[in-house]
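Have a look at the structure below, then the notes.
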Amino acid sequence: MSALDLARLQFASTSIYHFLFVPITIGLAFLVAVLHTLWFRSGHADHRRLTRFFGTLLLINVAVGVVTGLVQEFQFGMNWSAYSRFVGDVFGAPLAMEGLAAFFLESTFIGLWVFGWRVLPPRVHLLSAWLVALGAAGSAAFIMAANSWMQHPVGYTVDPSTGRPRLSDIGAVMTNPVFLWGYLHVLLAAAVTGTTVMLAVSAWYLRRGRDVELFTRSAKLSLAVLLPAILLTLGVGSHLGVIEATYQPMKISAAEAQWTDCGPCSFSAFQVGGGNDDQDPTKIIEIPHLLSLLATGTWNGSVQGLNELNAQYQEEFGPGSYVPNVFVQYWSMRVMAYLGSLAALLALWGVWVWWRGRLPTARVFLWVATWAAVAPLVMNTAGWMLTENGRQPWIVQGLMRTADGVSPSVSTTEIVLSLVVFYGVFLLLGAVNVFLMLRFARRGLELEPDEPEHAGDDGQPRVPVLTF
Amino acid sequence: MTLPTVWFLVVAFLWTGFFVLEGFDFGVGMLHKVVGRTDTEQRVAINTIGPFWDGNEVWLVVGGAAIFAAFPSWYATWFSALYLAVVLLLVALMARGVSFEFRGRMDDARWRHTWSWCLTVGSALCPLLLGVALGNLLAGLPVDADEEFTGTVADVVTGYGLLVGVTMLALCVLHGATFLVLRTTGDVRLRSHRVATLAVWPTALLLVAFAVWTPAQSDAPAVRSIAPPVAALVAVLVAALLLRAHRDGWSFGATAVGIGLTVVSIFTNLYPSVLVSTTDPAYTLTVTGTASGQYALQVMTVVAAFLVPIVLVYQGWSYVVFRRRVTGPPPPDPAVPEPGPPAPLDEGALT
C-alpha cells in the first residue's frame, strides 16, 4: 500500500468510527431534551428517571464521540497538508465557525446539564438540555457545509497567482443545495439512529418485564419519532440522489453500475459480478424506470453512462480514469437503501402493535427491535461510503485530486504507525464504550435514587453531587 | 492593523485562553492522585473541573480551526511536520477525555486505578507536547520553499521546544494546584496548597530559563521579546507570595496570568513569522505570506466579533454557577445543618 492509500484508509476509518457516535449523540440529545421537557411539565418522577437513564447513555457516547472528533480536527493538517493549504481559505471558515457557534455551546452546556441537577433553576436546566441538542445539531451543520463544498464547490474564485480557491461568497457555501439536502438527510438519519437505540433499550426491558410502564412510554416516544423520521430520511435521501446526479453524475451512475447511457433506466435489485473490470454484470430483478426516478426525479429521465461521463471528464481534465470504485458504490447504495426500507417496515410494525395495544407483550417485535439498533449504524456508514467514495478520484470535485492532497512530508512508516495506534485506541474505546453502555443499560432504573426534584426543594445547599 | 494581524491576535488569544483554562484541568488531572488519598478525595479533585473541562478543551479545537481558516499553510506545515508528536498528543487527549466519563462508572478499585492513570499521564503529556509544538514554531523546523517539512522525527526535538514543553508542564501543575486550593476544602485543599508551594519554585526557575532563551530566539523589540516572559516570571513569583499569605483566589489569578503570559510570550516573539524555517530564513512562514484572502478573513472577523463575546459570557456564567467549593458527599448524619463548612483559611476565596 502506498502512503496515499494508507492516508485514505486512516481518514476513512477514523471518520466512519467517529460517525458511529455522532448520530447517536445528536439523536439521543434531542430525545433526552424531550424527556426532560416532559418531566419539567409533569413533575412526574418517572419522567425524571427516564431523562437521567437515557441522559447517561448519551453521556457515555458523547465522551467517545468528542475524543474521536479531535482526531478529525487535526488530521487534515497531519495527513492532507497539500489539501489543507489548497482549500483552507474556503474550507477552514465553516470549521472555525463550527467551533465558535456550536461546539462551544454543546460542550459548555453539557457540563451545566450534567452538574446542574439540584443546582440550576429548573427552567435553566431544561434550557441547558436543549442547548446541548442544538449545539450537537449545529456542529453537524458546519461540518456538512464544509463537506458539501468538497462535493460541489461553490462561492469561490480561483486566485490567479496561487491557483488556489478563495472564498468569495459565504452565502453560497451555506446555501449549497448539496449541503441543504445533505444536512437534512444527516439530521433525519441521526433521529432514526437515536430513536432506534432508545427503542432497542426499551424493547430489551419490555421483554424482561422490568419497569414495563416506563419503558412502554419511551418505546412509544421512540416509535412516534422513528416512523416520520425514517420515511422522511428515505424521501430526502432520494431527492439528494437527484441533486448529486446533477453535480456529481459519476457518483450516481456508479451506484447503479450504469456503464452506458440509458433512458428510461431500470434499477437492479441485485447483481452478480460488476466492478471496474466487469462492465457487464448479471442484473437480477430489474425494476423498470426506477433509476430514472431516483437519479432525475422523472419517469423517463436519461442517465449518462460511466463510459460516456469518463470520456467527457478526460476531455475536460486530461487523460486518466474518473470512475469511482463501482463495486463500493453499487453495494453501499443498496445496503443503505434496503436497511432503510427495513427500518421503515419495523417502524410501521411497531406503530401497528402499539395501535393494537400490545406493545409491551409483542415478543417477536420486541426481539427484532432490540437487534435493530445495529441497522442505523450500518446504514450511516454505507451512506458515507456512497458519498465519499463516489467523489473519487477527486478530493474536491473538479478542483483537486485526492492523490494531490496528501502530505508529501509524511512517510509511509509514520502513517502505518499512526494507523496501528489509532486502531488500537479506537478498538479499546469502542469495547469499553459498548461494555459500559450494556452494563449501565442492564442495571436499569434502580440506579436513579429519588432525590429531591428540584434545586432548593429540601432546603439543602445548591451543591452538585460528585458526578465523575 | 491589517486583517491578517488581527487574526494572528485572535489565534494568540485562543491559544492563551486555552492554556489559562485547560491548564488547570491538566494540572488537576495530574494531581488528583497526589492530593486525593482516598477514592472520594480523588473524585472531589476531579469534580472541581467536572463541569468545565469539556468546554475548556474546545478552545484548542477552535484555536486549531482558526489557524486552518486564517493561515492554511501554517496549519498544514505545522501539523504534518509534527506528525508523530500530534499522534501522541491525540492519544493523550483521548485517554484523558474518556477517563472523566469512564472512571466513575464502575465501583471497582482496579477499574478506577486504570482510568486514574490514563487521566494522570494524559494530562501530563498534553501540555508537554503542546509546549514542544509551540516552542518549535519559534525555534524553527527544516521547511523548504514549498512550505513543506523536510526533516525527520529528530528535527522535531529542539532544545528550546523541550524547554517550553517542560515549562508548560510545570505551569499546569502549579495552576492546577492553585485551582484545587480554591475549589476544595479540608485535606485535599491542604495537600493542594503544599503541592502549589512546592511547585512554584521549580516553575519560577524554568521561567527564568524561558525568559532568557525566548528573546534570544527572535529579533523582536524588547517590549515584545523580553517584557512578556519577565512579566510571566513576576506573576509566578507573586503567586508564591500570595500562596504564603493564603490568598486562594488571588494566587489562582496570579498563576492564570503566569501561564497566560508564557503563551503570549511565544506569540509576541514569533510575530510577524508564524513558523520559522531553519533551512533558509526566506522560507519562514509569515503572517502575511500564509494568510487567507481578505474576504474570508472579513467573514470570520464578523462571525468571531459576534460569537466570541457570547461564548465568553456563557462560559463565564458556568463558573459562577459552580462557584462553590466541592466537598464530596455530605456526612451521613443529616442533623449537621452547616452546608460546606468554610475552611479556616478562606478569606481570599470565591471573590
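Going by the alpha-carbon gyration tensor, a ≥ b ≥ c the square roots of its eigenvalues, is segment A:132-286 rounded (a/c under 1.5) or, if a/c is not under 1.5, prolate (a/b greater than b/c) versus oblate? Spell out each step's value before the answer.
On the way: a/c = 3.14, a/b = 1.33, b/c = 2.36.
Taking the square roots of the gyration eigenvalues as a ≥ b ≥ c, segment A:132-286 is oblate.
With an 8 Å Cα cut-off and a minimum separation of 6 or more residues, compute the relative contact order for segment B:214-263 in percent. Provide the component values of the computation, followed by the final result.
Numbers: 41 pairs, mean separation 18.6, N = 50.
The value is 37 percent.
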**OP:** Quote the accessible area belonging to residue A:341 in square angstrom, nearest 10, computed with a 1.4 Å probe and with ligands, DNA and RNA left uncounted.
**Re:** 60 Å²
Subject >> Translational diffusion coefficient (Stokes-Einstein; Kirkwood radius from C-alpha pairs) of segment B:154-218 at 25 °C, 0.890 mPa s, in µm²/s >> reply: 189 µm²/s
Subject >> Farthest positive-ward along chain A dipole, Cα basis, beta-carbon charges - from A:95, A:2, A:231 >> reply: A:231
Original post:
Considering every Cα-Cα pair within segment A:211-367, what fraction, in whole percent, is farther apart than 28 Å?
Top reply: 37 percent
Subject >> Cα-projected label distance for residue B:305 with residue A:123, points at 7 Å along beta-carbon direction, nm >> reply: 3.3 nm
Original post:
Angle, helix B:72-81 long axis vs. longest principal axis of chain B, Cα atoms, 0 to 90°, nearest 10?
Top reply: 70 degrees
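So for chain A, considering every pair of alpha-carbon atoms, how many percent are separated by more than 41 Å? Don't skip to the answer; put the middle values down first.
On the way: 25064 of 109278 pairs.
That fraction is 23 percent.
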**OP:** Would you pull out the residues with amide H under 5 Å of residue B:140's amide H, same chain only if 5 or more places away, H placed 1.01 Å from N?
**Re:** B:276
**OP:** Could you please tell me the mean projected area of the C-alpha convex hull for segment A:1-158, averaged over all directions and given in square nanometres to one decimal?
**Re:** 10.6 nm²
Original post:
Can you give the mean number of other chain Cβ atoms that lie within 10 Å of the Cβ atoms in peptide A:105-115?
Top reply: 6
Original post:
Amide H of residue A:267: which non-local residues (sequence gap of 5 or more, or other chain) have their own amide H closer than 5 Å, using H built in the peptide plane?
Top reply: A:287, A:289, A:290, A:291
Original post:
Which distance in Å, rounded to a whole number, links the C-alpha centroids of segment A:90-121 and segment B:123-189?
Top reply: 26 Å
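If N is the number of residues in the protein assembly as shown, what value comes out of its Cα radius of gyration divided by 2.2 N^0.38 Å? Intermediate results must be reported in sequence, preceding the final value.
Numbers: Rg = 27.6 Å, N = 819, 2.2 N^0.38 = 28.1 Å.
Output field value: 0.98.
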Original post:
Summing -39500 (n - 2.57) over the DSSP H runs of n ≥ 4 in chain A and dividing by its residue number, what mean residue ellipticity at 222 nm do you reach, to the nearest 500 deg cm²/dmol?
Top reply: -24000 deg cm²/dmol
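Using 1/(1 + (r/R0)^6) with R0 = 60 angstrom and r between the beta carbons of residue B:114 and residue A:300, what's the FRET efficiency to the nearest 0.05? If you can, show how the numbers build up before the last one.
Working: r = 63 Å, r/R0 = 1.06.
E between residue B:114 and residue A:300, to the nearest 0.05, is 0.40.
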Subject >> Gyration tensor verdict on segment A:259-319 (Cα atoms; rounded if a/c is under 1.5, prolate if a/b is larger than b/c, oblate otherwise) >> reply: oblate
Original post:
Top mean-square fluctuation among B:246, B:193, B:113, Gaussian network model of chain B, C-alpha springs under 10 Å?
Top reply: B:113
Subject >> Using alpha-carbon coordinates, inclination of helix A:212-247 to the longest axis of chain A, degrees >> reply: 20 degrees
**OP:** Specify whether the C-alpha gyration tensor of chain B places it in the rounded, prolate or oblate class, a ≥ b ≥ c being the square roots of the eigenvalues: rounded for a/c under 1.5, otherwise prolate if a/b is larger than b/c and oblate if not.
**Re:** prolate
Subject >> Distance between modelled label sites at residue A:316 and residue B:280, nm, 7 Å Cα→Cβ extension >> reply: 3.8 nm
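Report, in cubic angstrom per residue, the convex hull volume of the C-alpha atoms of segment B:84-152.
Hull volume normalised by residue count: 80 Å³.
Accessible area per residue for the protein assembly as shown in Å², computed with a 1.4 Å probe and the full protein assembly in place, what is it?
The answer is 37 Å² per residue.
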Original post:
In degrees from 0 to 90, rounded to the nearest 10, what is the angle of the helix B:3-35 Cα long axis to the longest principal axis of chain B?
Top reply: 30 degrees
Original post:
To the nearest whole number, what is the average tally of beta carbon atoms from other chains within 10 Å of the beta carbons of peptide B:6-19?
Top reply: 0
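Using only alpha carbon pairs under 8 Å that are at least six residues apart, calculate the relative contact order of chain B and give it in whole percent.
Once divided by the residue count of chain B, the mean separation gives 24 percent.
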Original post:
With labels modelled as points extended 7 Å from the Cα through the Cβ direction, what inter-label distance (nm, one decimal) is found for residue A:428 paired with residue B:6?
Top reply: 4.5 nm
Original post:
A plus B alone minus the pair: what accessible area, both sides summed, probe 1.4 Å, in Å² to 100?
Top reply: 6600 Å²
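Please average, across the residues of A:426-437, the number of beta carbons from any other chain that are within 10 Å of each residue's own beta carbon, and give a whole number.
Working: counts 1, 0, 3, 5, 0, 0, 6, 3, 0, 3, 5, 1.
For this peptide, the per-residue mean of nearby foreign Cβ atoms is 2.
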Original post:
Per 10 Å bin, what percent of the C-alpha pairs of segment A:90-215 does each bin hold, from zero upward?
Top reply: 12, 27, 28, 19, 10, 3, 1, 0
Original post:
Carbon and sulfur atoms: what percent of the 1.4 Å accessible area of segment A:19-443 do they account for?
Top reply: 67 percent
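The values are calculated or read from the model by the stated rules, or taken from the named source; none is laboratory data. As the structure is a prediction and not an experimental result, all values here were calculated from the model. Cβ atoms come from the backbone with ideal geometry, glycine included; neighbour counts cover every protein chain shown. With ligands, DNA and RNA removed, areas are computed over all heavy atoms of the protein, side chains included. Shrake-Rupley method; radii C 1.70, N 1.55, O 1.52, S 1.80 Å.
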